[in-house]
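Chemist: Quick one: this structure, given as structure tokens, is what I'll be asking you about.
The values are calculated or read from the model by the stated rules, or taken from the named source; none is laboratory data. Remember, it's a predicted structure, so these values are computed and weren't measured experimentally. Because the Cβ atoms are built from the backbone with ideal geometry, glycine has one as well, and the counts that use them run over all protein chains shown. Surface areas here come from the heavy atoms of the whole protein model, side chains and all, with no ligands, DNA or RNA. Shrake-Rupley method; radii C 1.70, N 1.55, O 1.52, S 1.80 Å.
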Amino acid sequence: MMAAVKRLKRVAALQPGFISFKSSAESDDLNSGRRKRVNKNKKKNWNKHSDIQDVEEFLDDVRLQERATGGLISEKPDDSLFFVDIGEQKKSVRPEVQERKKGKKSKSRPLRIDLILQHDSLVPPPKDVLAYQQPNAKKLRRIAENAEKLAAMGVLPRRQKRLLNRRPATKTSKAKTAANNFPDRPYYDLWGGEAKETADPYYLEQTGKRRVKRPEKLNAKPSILPAVEVIAPGGSYNPDFFSHQALLLEAHEVEVKRERAELRLERQLAVKREDTATEETVFQELVEGLVEEEEEEQEEEEDVSIRGGLQQEKKTEKERKRERADKIKSQQKQAARVFTDKKQQLFQLRSIQATLKRREQRTRERVAQRKANQEAEKSMPRRLGKLKFQAQDLEIQLSDEIPGSLRTLRPEGSVLKDRFKSMQKRNMIEPRERAKFKRRLKVKYVEKRAFREIT
């Protein structure tokens, strides 16, 4: 820091041709005092006892000259500082102009408030570097240079190629609406078919006057089963004997399947005789853990002896070379066997073709079977929820329950339940079960005093 201060003082003292605005008497009076001898080896004394008054005065004088004259006076040319005084020149003023000046004040003279607010410094404003900066300027410059090189070589950029390769848009002529005042227009049947839409289709869709085209999948039914299934002939109030027996057989098979499923579940949950506890098994459980300690110690000793005897000896270099040669020979034999198999396949073209035909036939059969299964699944209920669909019980009457007339017919089942099961079967709703409500608080029964008196 001391070196910088001395250098600035030296610059202020040895400026060639520097002319100061201020008188040098003030600076001489300030510097004429006796200098105080201070130890400047310590940093705390640098700012405290350093005299930079002459440097500050020099810099203030330079700033004053730049504000007043736009630069240093020593660097200004003589023409800008001096002029030749040749006296006042009489100007010939026209009488018309003189009369006009007398009648009307000159408007070119600015107001004093405007003069006060004007910028009086001749120093030009600093250049705004941020105004000239451009983000990614280097990258954009490199891209422009590459584009110029490609243009000189006759290569078009990718975006321009895409624009050239685009197909021209086909202009569709809009249908003109017929005027209402046209006398030769055809008659419109008010009670006929659908009215002809003459408005713009986009306008109709946005205003909701015409619905958006539904996807074909939404029009497809979830099942091919009819909404109302006709019951079998044996379910009539006065059925034929054979049709009634066929319906009874079908109901009997359903009950047999249900009983078999219950028996299977009982067998799976039943306790086996082998699993039942006996006196021997109870005794073994009581003694377990007392006798095994000696056996475990013997097993550990045997393991230690086996590990000591199974230590492999280190192979010699000769044995390693022999193993490497055997491995190479086995690989060569394997490659030779693969090569001979490929050669033999040339003589098996007929059998290979027959195998391919059988495989294609099997593939076709599988495709046909898959399609048949898909068609069959259309009439079957799908798994839509966590519960599986359970068919409704057959509504049937026994032979001795069949009424003789329609008047004595007893109704079977429920129409509401039948419709609910039909919707589940047609995959319209998922199978459900009745919600089970549990009481949070137990019901408390209280015997009233009046009831106690009566009893």
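Chemist: Scan (1) surrounded by 10 or more Cβ atoms within 10 Å (Cβ to Cβ); (2) among the aliphatic types (A, V, I, L, M); (3) more than 17 Å from D393 (Cα to Cα) for the single condition L248 breaks and write down its number.
Modeler: (3)
Chemist: Please identify the pairs in which a residue from region 250-263 that is under 15 Å from A391 (Cβ atoms) has its Cβ atom under 6 Å from the Cβ atom of a residue that is open to solvent by less than 100 Å² (accessible area, probe 1.4 Å), counting only partners at least 6 apart or on another chain.
Modeler: A251/L394; A251/I396
Chemist: Are any residues in region 125-156 in a loop (DSSP other than H, G, I, E, B) and either farther than 30 Å from E66 by Cα or open to solvent by less than 100 Å² (accessible area, probe 1.4 Å) (or both), and if so, which ones? Show your work before the answer.
Modeler: Just the residues of region 125-156 that are in a loop (DSSP other than H, G, I, E, B), to begin with: 125-128, 133-136, 154-156.
Of everything in region 125-156, those that are in a loop (DSSP other than H, G, I, E, B) and either farther than 30 Å from E66 by Cα or open to solvent by less than 100 Å² (accessible area, probe 1.4 Å) (or both) turn out to be D128, Q134, P135, N136, G154, V155, L156.
Chemist: Could I ask something else about it? Read through the list (1) open to solvent by 100 Å² or more (accessible area, probe 1.4 Å); (2) touching a residue at least 40 places away in the same chain (Cβ under 8 Å), then give the number of the only condition that K378 fails.
Modeler: Answer for K378: the failing condition is (1).
Chemist: I'd like the full set of residues that are within 17 Å of P126 (Cβ to Cβ) and open to solvent by less than 60 Å² (accessible area, probe 1.4 Å), limited to region 60-76. Outline the logic, then answer.
Modeler: Just the residues of region 60-76 that are within 17 Å of P126 (Cβ to Cβ), to begin with: 62-63, 66-67, 70-71.
Scanning region 60-76 gives V62, G70, G71.
Chemist: Looking at (1) open to solvent by 100 Å² or more (accessible area, probe 1.4 Å); (2) of a type outside the set (S, T, Y); (3) not in a helix (DSSP H, G or I), which is the one condition that is false for E365?
Modeler: The failed condition is (3).
Chemist: Next question. Which condition breaks for R383 when tested against (1) open to solvent by less than 90 Å² (accessible area, probe 1.4 Å); (2) not in a helix (DSSP H, G or I)?
Modeler: (1)
Chemist: Taking F21 and the conditions (1) at pLDDT 80 or above; (2) closer than 22 Å to P124 by Cα; (3) open to solvent by 90 Å² or more (accessible area, probe 1.4 Å), which numbered condition does it fall short on, given that it satisfies the others?
Modeler: For F21, the exception is condition (1).
Chemist: Scanning region 309-345 for residues that are of a type in the set (S, T, N, Q) and over 30 Å from T355 (Cα atoms), which turns out modelled with the lowest pLDDT? It would help to see each step written out before you state the result.
Modeler: The initial filter retains those residues of region 309-345 that are of a type in the set (S, T, N, Q), namely 311-312, 316, 330-332, 334, 340, 344-345.
So of that shortlist, the ones also over 30 Å from T355 (Cα atoms) come out as 311-312, 316, 330-332.
Details: Q311: 60, Q312: 67, T316: 90, S330: 95, Q331: 95, Q332: 94.
Here the residue is Q311.
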